[in-house]
Amino acid sequence: MKADIYNLKNEVVGSMDLPAEVFDTKWNANLVKQVLDAQVANRRAPWAHVRDRSEVSGGGKKPWRQKGTGRARHGSTRSPLWVGGGKAHGPRNDKDYSQKVNKKMKRVALFAALSRKAKDGELKIFETLAIDAPKTKALAEALKGAIALPKGGKRWDVLLVSDVTNKNLFRASSNLVKTKVLAADSLNVFDILNHKNLFLDKGIVEKIATHYKV
C-alpha cells in the first residue's frame, strides 16, 4: 500500500510502502466497539461513595435493653434505620468496572482503526514531525499547511505519533486544542478514533509493525 510522504509545509517529498497487515485490514465494527468500550471502562475511576454501618461513628452500645421497654428492638445506632447511621445499598468506590480484552483483539482493533483512517484520507505520513523549539506557536505554524482550519477555528483535532525522543513536540502540543502526541507503543483505539486527523512520523511506521508483532 503506497502512501505519500509530506514535509511540514504540506508538500509531497516522497512515498513509501505501508505494511498492508497494519494499514489495509478489514473494518470490524463490533470488535472495535468492544475494545473501545473496554478501554473507556478501564479508565473509569469510581468516586461516588457512601459510608455503610461499619464506617460511621458511634453505635458501640445497644441503645436500650431488648425487652420490656415497649419499643422496637435495636442493636446499634449505626443501623441504616437511624439518623446518622450507615447508608444501605449506596454507591461504593471499591466497585471494579474494568473489562478484560486479550492482546490479539486489541491488535486487530488497532489495525482496523488505522486502516479506516488510511482509507478515509485522514492519515498522513510526514518526513519528520520534529520542531526546533518547544513552542506552541511554532507547532501551530507547522500544522497550518496540513490542517485546513476554518477562519477563527482553534480546534486542531489531530493525533501526532512520533518518537519519544521528540521532546519539543510533546511540550509544544500541550496548549493546542484537541491535539495529542503519542509514542508508537502507546497507540490505542480510543485516541485514534477520537481525533479526525492522524499524523505519523515516517520512522514510526516500522516501529508500529515491529512493536505489535505483525
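The values are calculated or read from the model by the stated rules, or taken from the named source; none is laboratory data. Just so you know, these numbers come straight off a predicted model, no measurement behind them. As a convention, Cβ positions derive from the backbone with ideal geometry for all residues, glycine included, and neighbour counts pool all protein chains shown.
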Checking N10 against (1) of a type in the set (S, T, N, Q); (2) part of a loop (DSSP other than H, G, I, E, B); (3) free of Cβ contacts under 8 Å to residues at least 40 places away in the same chain, which test does it fail?
-> (3)
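Let's see how each residue does on (1) at pLDDT below 95; (2) surrounded by fewer than 16 Cβ atoms within 10 Å (Cβ to Cβ); (3) under 22 Å from the mean Cα position of the chain (by Cα):
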| position | (1), (2), (3) |
| --- | --- |
| G84 | yes, yes, no |
| N93 | yes, yes, yes |
| Y97 | yes, yes, yes |
| K103 | yes, yes, yes |
| D132 | yes, yes, no |
| K135 | yes, yes, no |
| L143 | yes, no, no |
Could you list all residues from segment 180-214 that are touching a His at 6+ places or on another chain (Cβ under 9 Å) and free of Cβ contacts under 8 Å to residues at least 24 places away in the same chain?
-> K180
Can you spot a residue in segment 110-125 that is over 19 Å from K26 (Cα atoms), over 15 Å from the mean Cα position of the chain (by Cα), surrounded by fewer than 16 Cβ atoms within 10 Å (Cβ to Cβ) and aliphatic (A, V, I, L, M)?
-> no
